[in-house]
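Some notes on the structure that comes next.
The values are calculated or read from the model by the stated rules, or taken from the named source; none is laboratory data. A quick note: this is a predicted structure, and the numbers were derived from the prediction, not measured. All Cβ positions, glycine included, derive from the backbone under ideal geometry; neighbour counts span all protein chains shown. These area figures cover heavy atoms from the full protein model, side chains too; ligands, DNA and RNA do not enter into them. Shrake-Rupley method; radii C 1.70, N 1.55, O 1.52, S 1.80 Å.
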Amino acid sequence: EGLWSSTAKTEVGPLKDYVLHIRQCHDELGCSKWFAHIVNVPLLAPGLNDPVEDGMSPKLCGTCWPGAKVYIRYSDDNEVVHEAWVTGSTWSFQRAGPFAPNVLHTVTVTQVVGEQTSDAASKTFTVKQPMFTPVITQPGAGEKVGREVVVEGTNGMKGATLQLTNAQYTEEIGLPFLVGQN
């Protein structure tokens, strides 16, 4: 007996030391004085979409509280804090420096509004080693060659296979060559 509940008509948040006022009125007894009750409406973790592959540094984006400051840390340099671009209720960021390829990285994102810092959102990602473009060093461009052509070059990737193709007839010529080291 005497239990009650009331729901706010609009969403409240995020606020630290939010003061609620309530009073009770009775037809025969009138109304009590306003009673103040302090609560904290915590800031939720920002939204964090899956990282989008873009060379050696993925693009990041997500949702945030409008007007929040969004901060990003990466597992390969946890001491550096980056600030994201915020537009309305979305944020985005792409680190200028590259990540080590074929290693599991973690990104951690928080948002700050007023005096409150949210819990962190995090995701893991791996950056793929980009394919090198092979460079032909011998024979030189436009050089006359015999019928048995030996082609040499640089920028071969360890584990990759190089294959010569006759550009005029689009047919493979020679045997595939497996690169033993970069």
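Condition check: within 22 Å of Asp119 (Cβ to Cβ) and either modelled with pLDDT of 95 or more or under 26 Å from the mean Cα position of the chain (by Cα) (or both). Does Pro98 satisfy that?
Details: within 22 Å of Asp119 (Cβ to Cβ): no; either modelled with pLDDT of 95 or more or under 26 Å from the mean Cα position of the chain (by Cα) (or both): yes.
For Pro98, the condition - within 22 Å of Asp119 (Cβ to Cβ) and either modelled with pLDDT of 95 or more or under 26 Å from the mean Cα position of the chain (by Cα) (or both) - is not met.
Of note, Thr110 does not satisfy the criterion of being open to solvent by 60 Å² or more (accessible area, probe 1.4 Å), within 30 Å of Val41 (Cβ to Cβ) and under 38 Å from the mean Cα position of the chain (by Cα). Each residue in segment 136-161 was checked for being in a strand (DSSP E or B) and open to solvent by less than 70 Å² (accessible area, probe 1.4 Å), and 2 of them qualify.
Candidates in segment 9-25 are the residues that are part of a loop (DSSP other than H, G, I, E, B) and at pLDDT 85 or above; of these, the one that is surrounded by the fewest Cβ atoms within 10 Å (Cβ to Cβ) is Thr10.
So, of the residues in segment 37-77 that are surrounded by fewer than 15 Cβ atoms within 10 Å (Cβ to Cβ) and either without any contact (Cβ under 8 Å) to a residue 12 or more places away in the chain or within 10 Å of the chain's Cα centre (by Cα) (or both), which turns out to be nearest to Lys128 (Cα to Cα)? So, considering only residues that are surrounded by fewer than 15 Cβ atoms within 10 Å (Cβ to Cβ) and either without any contact (Cβ under 8 Å) to a residue 12 or more places away in the chain or within 10 Å of the chain's Cα centre (by Cα) (or both), the one nearest to Lys128 (Cα to Cα) is Glu53.
Of the residues in segment 164-182, how many are assigned to a strand (DSSP E or B), at negative phi and either surrounded by 11 or more Cβ atoms within 10 Å (Cβ to Cβ) or of a type in the set (Asp, Glu) (or both)?
First, pick out the residues of segment 164-182 that are assigned to a strand (DSSP E or B): 164-166, 171-178.
Imposing the further condition that a residue be at negative phi reduces the set to 164-166, 171-173, 175-178.
In the following step, the residues that additionally are either surrounded by 11 or more Cβ atoms within 10 Å (Cβ to Cβ) or of a type in the set (Asp, Glu) (or both) were identified as 164-165, 171-173, 177-178.
Going through segment 164-182 one residue at a time, the tally reaches 7.
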